[in-house]
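Single-structure report; data block below.
The values are calculated or read from the model by the stated rules, or taken from the named source; none is laboratory data. Not measured: the values here are computed from a predicted model. Reconstructed Cβ throughout: ideal geometry from the backbone, glycine too, with neighbour counts over all protein chains shown.
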Amino acid sequence: MAGVRAMRRRVISARDLVKTYGDFNAVDGISFDVPAGESFGLLGPNGAGKSTTMRMIGGVTQRTSGHLDIMGLDPEHQGPEVRAHLGVVPQQDNLDEELRVRDNLIVYGRYFGLPRAYLEQRADELLEFAQLEDKAKARVDSLSGGMKRRLTIARSLINEPKILLLDEPTTGLDPQARHVLWDRLFRLKEQGVTLVLTTHYMDEAEQLCDRLIVVDKGKIMAEGSPTALIREHSSREVLEVRFGADRNAAVVPRLDGVGERLEALPDRILVYTDDGEGSLEQIRNRGLHPVTSLVRRASLEDVFLRLTGRSLVD
Amino acid sequence: MKALTDDDYVLSADERPLGALYSRNARAVIERGARVIRSQNWIILVSGFFEPVFYLLSMGVGLGRLVGAVDGPGGAPISYAAYIAPALLAVSAMNGAIYDSTWNIFFKMHFGKLYQSMLYTSLGPFDIAVGEIALALFRGFLYALGFTGVMGIMGLITTPWALLLVPTSVMVAFGFASFGMAITSYMKTFQQMDIITFVMLPMFLFSATFYPLSVYPAPIQWIVEAFPLWHGVELMRQISIGAFSPATLVHLAYYLVMIVVGLAFTTRRLRALFLR
Amino acid sequence: MTEVRSERLHAHAPEVSAARARRWGSFYFMEHMLRGMRAYLVTIVVTSVGNPLLYLFSMGVGLATIVDRSQSTHFEGIGYLAFAAPALLVSSAVMTCANEMMFPVMDGFKWRRVYYGPHVTPLVPGQLALGHVMAVSVRLLVQCTVFFLIMLAFGAALSPMAWLLVPVGVLAGMAFGTPLMAYAASIQKENFQFSMIQRFVIMPLFLFSGTFYPLETMPAAMQWIGWISPLWHGNQLGRLVSIGASEPAWLVVVHIAYLAVLVVLGIVLARRSYTKRMDA
């Protein structure tokens, strides 16, 4: 695995990135490399510094310090050249509400100086890609949230980018729309496009990312593939038990020795174990009867909890 | 589409001056503006033209009946309407340019999110600044043309020199627009934006638009003379009747310096304005 | 935890909340609005003090130097400053009120959706409309009082009844503001309607409602603008109380009645649009 990656050219190389707003460090010394064709994720809660990092990659925010190299250039000094090869899907859709759907694509393409004939063709292709063919002439504010998101993603592809930056691409979408979107992103990956995405959804990171960094309070907490991170920082399964709001804490000492590790949250207790059902049996044998119990596979949520002591989505 | 290989991922630098901020594609920004204007109701585009016309009708015709003739730039008496018309055009050029380069930019930056999407393309902040200023000046040009036409219909134009009101009005607008963006770069909240209004309103009211500067005591006259609008008003007034003096050159020079300094200032502040 | 319980305060019974909201709901929302205005306190104070100074000095004192020079007979035989000042006060009230009834209303329904918070409490939409009106009235009251005091300093208020300018200003402002509020509450999407109103209604009213010179000076074909304009009726009342301008009694009654009817009609329509929009 590592050997294969080393052979590919590094397209993004970040060293000690820092971004300070007043006395708040939004990004506090982040370093990472992304090889060509990789799908790279930044996982962390809201306000962890993921979006700011993305903005620095695009050269649309000035970094306070650190070095950044995108395909050999510094986006702060060669912004237009770098961004000509990027596609960007910002966290909040920023479609041009004053223009109609298809015009949004064409006008955006003109910002890259792309010729009109190409754009006419490409716009239709992308409308099909985003399943918005019948909305070509619609006003942007008449679209549903999911349609706007798909249009934003279609727009980011107008210049056939080599690197696609996706900031929380599926936040606010229903499950079906998310799967459609993931499918589109897989296809782009097959074409060799490098994906960089931020997310606070574990399943999304596990589905889409070859490798990811876990970010919290502007710092990198861990780095690796989703499976490696889970293996390293969690067990195979997790048993969640609830004993009622005021009893959870009191029960914890009595669970001593069950599973590999316990995590007591205000509303529930997590038991890290390789055999969830077995652990539940153990608990019952001690005369304890949880109000609810659930056995699930360990996820990145557990990794995050382990690393920071906090939940990812609060 | 052919799959990308490592060789596709190599870029070479472009070492043009302003390369980090400018992609020589301000045209795309102008095109976008033109598309929006075309899809809008035409009345929105032309509405800005009416404000100075209403002022001219109300103050020039209405109040003019009571005021009678006043001394024009050369000393010869002219009608009150002819006295305030060129001044109103200067005020209108200022207002339009300041609105477009401050509130409009501020709003699109913080709420419309338009610039966020533009900046993620190969456009740089300089492209956006040039495009927006060009659009603002074009609109100013249309209004100036219309207003000069109204002056003609009202019989307030007596010399071919008055045709120069149109380009001069665009120059006045350029002076204010070039500064407005730089000033907006320091603004972070709505409350701070109100400061602009606090400066503009007195400039409008005191810059000898409706009555000669001589009504003020000398120290106040000096203050008014330091501000750009007064130079615009005087210049336009001189042009409207073709009565020039050495002061004409001072007024012109004032605006040329203002444009050059304003553009340099705005260019320096582009990062602060757009790349936060 | 258990020790504290004895001192802990409890919300009163829901029935009490409902009864109080029914009675005082508009005031609760007025308080909400006034607290919201605190974010703009500096702007409000600066404009309340700055505008009278600027306008009285430029349009009053400055313009007076060329107007009084020729003929002051048109201006009730008094100086131009005293003639223009009451109308400037009324105009500033009308413009402030108009602004408070456009974007803030849209803000309440659409942008920050300020109205929808109270809407899920015992308050009803009609109370939100009324609370908004009352909060803006408070602002106008303060603004007109400040303007009046500055007029006094300029020596521009001649009659002992001049203090009545303050209620006249509030009344005229509301006569224009409340119907506008009803309209603002009825539009779904702001497509420049407000700037159109600013440019084609408010600005012409300011300029053609006898603010700077008597309405009769204008060509007869344009005088109708004044007759329908709340601003003209306000201006006439303002001059009546401020400089004792001569006005036939029946016309004074018309001024007051016209303004009062507009305010009442505006509030009724606004309450209706608020209810229709929020409860539909």
Exercise. When the residues of region A:154-187 are filtered to those that are under 21 Å from residue A:201 (Cα atoms) and at pLDDT 90 or above, which remaining residue is nearest to the other protein chains (Cβ to nearest Cβ)?
Worked result: A:165
For this session: Return the only residue of C:100, C:31, C:15 being charged (D, E, K, R), buried (at least 21 other Cβ atoms within 10 Å of the Cβ) and more than 11 Å from every other protein chain (Cβ to nearest Cβ).
Result: C:100
Problem set entry | Odd one out for residue B:237 among (1) within 14 Å of chain C (Cβ to nearest Cβ); (2) crowded, with 18+ Cβ neighbours inside 10 Å | (1)
Problem set entry | Residue selected from region B:162-204 under the condition in a helix (DSSP H, G or I) and of a type in the set (S, T, N, Q), by the criterion nearest to the other protein chains (Cβ to nearest Cβ) | B:191
Problem set entry | Qualifying positions in region B:77-128 - within 14 Å of chain A (Cβ to nearest Cβ), crowded, with 24+ Cβ neighbours inside 10 Å and assigned to a helix (DSSP H, G or I) | B:118, B:119, B:125, B:127, B:128
Problem set entry | residue C:229 being of a type in the set (Gly, Ala, Ser) and at pLDDT 90 or above | yes
For this session: Could you list all residues from region B:4-28 that are of a type in the set (A, V, I, L, M, F, W, C) and either more than 8 Å from chain A (Cβ to nearest Cβ) or touching a strand residue (DSSP E or B) at 6+ places or on another chain (Cβ under 7 Å) (or both)?
Result: B:11, B:13, B:18, B:26
Seminar exercise, completed: If we ask which residues in region B:46-76 are at positive phi and more than 11 Å from chain C (Cβ to nearest Cβ), their number turns out to be 1
For this session: Return yes when residue C:118 is out of contact with any His (no Cβ under 6 Å at 6 or more places or on another chain), part of a helix (DSSP H, G or I) and within 28 Å of residue C:32 (Cα to Cα) and no when it is not.
Result: yes
Exercise. Tally time: how many residues in region A:63-86 are without any contact (Cβ under 8 Å) to a residue 24 or more places away in the chain and either within 23 Å of the chain's Cα centre (by Cα) or not assigned by TED's automatic domain parsing to the domain that holds residue A:21 (or both)?
Worked result: 1
Problem set entry | Index of the failed condition, residue C:42 passing every other in (1) at pLDDT below 85; (2) within 8 Å of chain B (Cβ to nearest Cβ); (3) closer than 19 Å to residue C:141 by Cα | (1)
For this session: State all residues of region A:101-124 that are in a helix (DSSP H, G or I), small (Gly, Ala, Ser) and within 11 Å of chain B (Cβ to nearest Cβ); if no residue qualifies, say none.
Result: A:109
For this session: List the number of the failed condition for residue A:84; all other conditions in (1) more than 9 Å from chain B (Cβ to nearest Cβ); (2) surrounded by fewer than 21 Cβ atoms within 10 Å (Cβ to Cβ); (3) touching a Phe, Trp or Tyr at 6+ places or on another chain (Cβ under 9 Å) hold.
Result: (1)
For this session: Tally the residues that are out of contact with any helix residue (DSSP H, G or I) (no Cβ under 6 Å at 6 or more places or on another chain) and surrounded by fewer than 18 Cβ atoms within 10 Å (Cβ to Cβ), restricting the search to region B:243-267.
Result: 13
Exercise. So which residues in region C:204-242 are within 14 Å of another protein chain (Cβ to nearest Cβ) and of a type in the set (Val, Ile, Thr)?
Worked result: C:211, C:217, C:225
For this session: Kindly provide the set of residues from region C:214-230 that are buried (at least 18 other Cβ atoms within 10 Å of the Cβ) and touching a residue at least 12 places away in the same chain (Cβ under 8 Å), ordered by number.
Result: C:214, C:215, C:225, C:226, C:229, C:230
Problem set entry | residue B:54, sole failed condition from (1) in contact (Cβ under 8 Å) with a residue 60 or more places away in the chain; (2) of a type in the set (A, V, I, L, M, F, W, C); (3) touching a Phe, Trp or Tyr at 6+ places or on another chain (Cβ under 9 Å) | (1)
Seminar exercise, completed: Within region C:175-198, residues part of a helix (DSSP H, G or I) and closer than 22 Å to residue B:48 by Cα come out as C:180, C:184, C:193, C:194, C:195, C:196, C:197, C:198
For this session: Test residue B:268 against the criterion of being more than 10 Å from every other protein chain (Cβ to nearest Cβ), charged (D, E, K, R) and under 20 Å from residue B:96 (Cβ atoms), and give yes or no.
Result: no
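Yes or no, residue by residue, for (1) under 22 Å from residue A:44 (Cα atoms); (2) exposed (fewer than 13 other Cβ atoms within 10 Å of the Cβ); (3) at pLDDT below 85:
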site: A:219; (1), (2), (3): yes, no, no
site: A:226; (1), (2), (3): yes, no, no
site: A:252; (1), (2), (3): no, no, yes
site: A:312; (1), (2), (3): yes, no, yes
